[in-house]
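Working notes, structure below.
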Amino acid sequence: MRIFLLIVAILLLVASAAAGYLWYSLQKPFGPVPPEGIFVEIPHGSSQRAAAHILAQNGVLRSSLAFELYARRHPKRSLQAGEYFFDHPLTAKEVFWKLANGEVYEQLFTVREGDTIFDIANNLEAAKYMHAADFLAAASDAAQIQDIAPGAKTLEGFLFPATYNLPHRFTAAALTSVMVRKFRDALQQIAPDRLEPLTPGTPLLSIVTLASLVEAETPKPDERSLVAGVYTNRLHKEMLLQCDPTVIYALKKVDKYNPPLTFKDLRYDSPYNTYVHSGLPPGPIGNPGEGSLKSALNPAPTDFLYFVSNTQGGHFFASTLAEHNKNVAKYHRLLNGEPADPPVVEVHQTHSVSHAHKGKR
């Protein structure tokens, strides 16, 4: 009898210790976590038990059993697959709710309207997401847009400006695919017919190229269609576009741009230099946003052929060279801190008394 009671007592003690350990595992954070944190990937289709073992093996849980038992108490909440980041010790309960709420690790990265592939590459490297050279190599492969933009040499213009949620591990090729998919989604909303490779009319590559010029020229939404109209008019009249941003892009491609732009730069021989070569450049000079794409698809019906900065972020537009020259003079006066229009000089005539009264005698 004593032996039986002793066994029962031992079993109760063990059960109590186990229960205490499970309670402690649920309520007390488990650590330490290394300074660089812990990344854990939970594959799709993982059971609660499999997820618990993965978390325990990676040093996130004290007890996989405590986690699994707690998960079973919440049968309506499923664990979300994905990559999770742990930068400080958590209790098993906190780990469960992190996975149940799908708080997967994401890095925000923004591509701004007008950013070039060079801008994007440098920003990715500065944020320590990847090497600039790796992104440029992926962006130089235009295979994924040949169905809608045959002849495109790179993905320039088709990497849609937006804020992207990036996982911990991703490749440059995967990132460009997401950006191109975003471009396709945006164009599907704007002009779905343009995703058809045999669409009659202006090729999509030319439309995106025009949109990139508009994006580079003006930040004003209400001016975009006008700028597109000016360039469309100049193309129809076979005039040089003379778009400064195309020269800047040409110089950046060969790492020769040193602002400000000079008259010597305007003579730089590149197919992208619209001061030297007629027509549109061979491809986009940046990645336009939705507003500029819409403007390129529907340029304003205007007779304007020229525009120049008004020093306030907008432009003065003109239909004739004479008007344009007056606007250029306005621009220079504004740069010098003077009024846009010269002051009106009043002319006073001086008459003699006899002349003034002539005919009144």
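The values are calculated or read from the model by the stated rules, or taken from the named source; none is laboratory data. The structure presented is a predicted model; accordingly, all values stated were derived computationally and were not measured. Positions of Cβ are generated from backbone atoms using ideal geometry, with glycine treated the same way; all protein chains shown enter the neighbour counts.
Assorted remarks:
- Selection status of Glu223, in contact with a strand residue (DSSP E or B) (Cβ under 7 Å, 6 or more places away or on another chain), in contact (Cβ under 8 Å) with a residue 40 or more places away in the chain and part of a helix (DSSP H, G or I): yes
- Restricting Ala174, Ala216, Ala137 to those that are in a helix (DSSP H, G or I) and closer than 30 Å to Ile38 by Cβ reduces the list to Ala174.
- Region 75-117, residues that are within 19 Å of Asn58 (Cβ to Cβ) and of a type in the set (Val, Ile, Thr): Thr91, Val95, Val104
- Residues that are among the charged types (D, E, K, R), in a helix (DSSP H, G or I) and more than 15 Å from Pro284 (Cβ to Cβ), drawn from region 185-213: Asp185, Asp193
- Condition check for Glu94: among the charged types (D, E, K, R), surrounded by fewer than 17 Cβ atoms within 10 Å (Cβ to Cβ), out of contact with any helix residue (DSSP H, G or I) (no Cβ under 9 Å at 6 or more places or on another chain) and not in a helix (DSSP H, G or I): no
- Test result for Ala216, hydrophobic (A, V, I, L, M, F, W, C), within 19 Å of Thr116 (Cβ to Cβ) and within 16 Å of the chain's Cα centre (by Cα): yes
- Residue count for region 242-275 satisfying the condition of being touching a Leu at 6+ places or on another chain (Cβ under 8 Å) and of a type in the set (A, V, I, L, M): 2.
- When region 264-295 is filtered for residues that are assigned to a helix (DSSP H, G or I) and closer than 17 Å to Ser225 by Cα, the ones remaining, listed by number, are Glu290, Gly291, Ser292, Leu293, Lys294, Ser295.
- Count - residues of region 166-204 that are exposed (fewer than 13 other Cβ atoms within 10 Å of the Cβ), β-branched (Val, Ile, Thr) and closer than 11 Å to Ile148 by Cα: 0
- Among the numbered conditions (1) within 30 Å of Ala211 (Cα to Cα); (2) modelled with pLDDT of 95 or more; (3) of a type in the set (A, V, I, L, M), the only one that Ala100 does not meet is (1).
- Test result for Tyr257, among the aromatic types (Phe, Trp, Tyr) and in contact (Cβ under 8 Å) with a residue 40 or more places away in the chain: no
- A count restricted to region 43-64 and to residues that are under 12 Å from Phe86 (Cβ atoms) and β-branched (Val, Ile, Thr) stands at 1.
- Taking region 91-110 as the range and being in contact with a strand residue (DSSP E or B) (Cβ under 7 Å, 6 or more places away or on another chain) and in contact (Cβ under 8 Å) with a residue 24 or more places away in the chain as the test, the residues that pass are Leu99, Val104, Tyr105, Glu106, Gln107, Leu108, Phe109, Thr110.
- If the condition is being in contact (Cβ under 8 Å) with a residue 24 or more places away in the chain and under 14 Å from Pro32 (Cβ atoms), then region 49-60 contributes Gly59, Val60.
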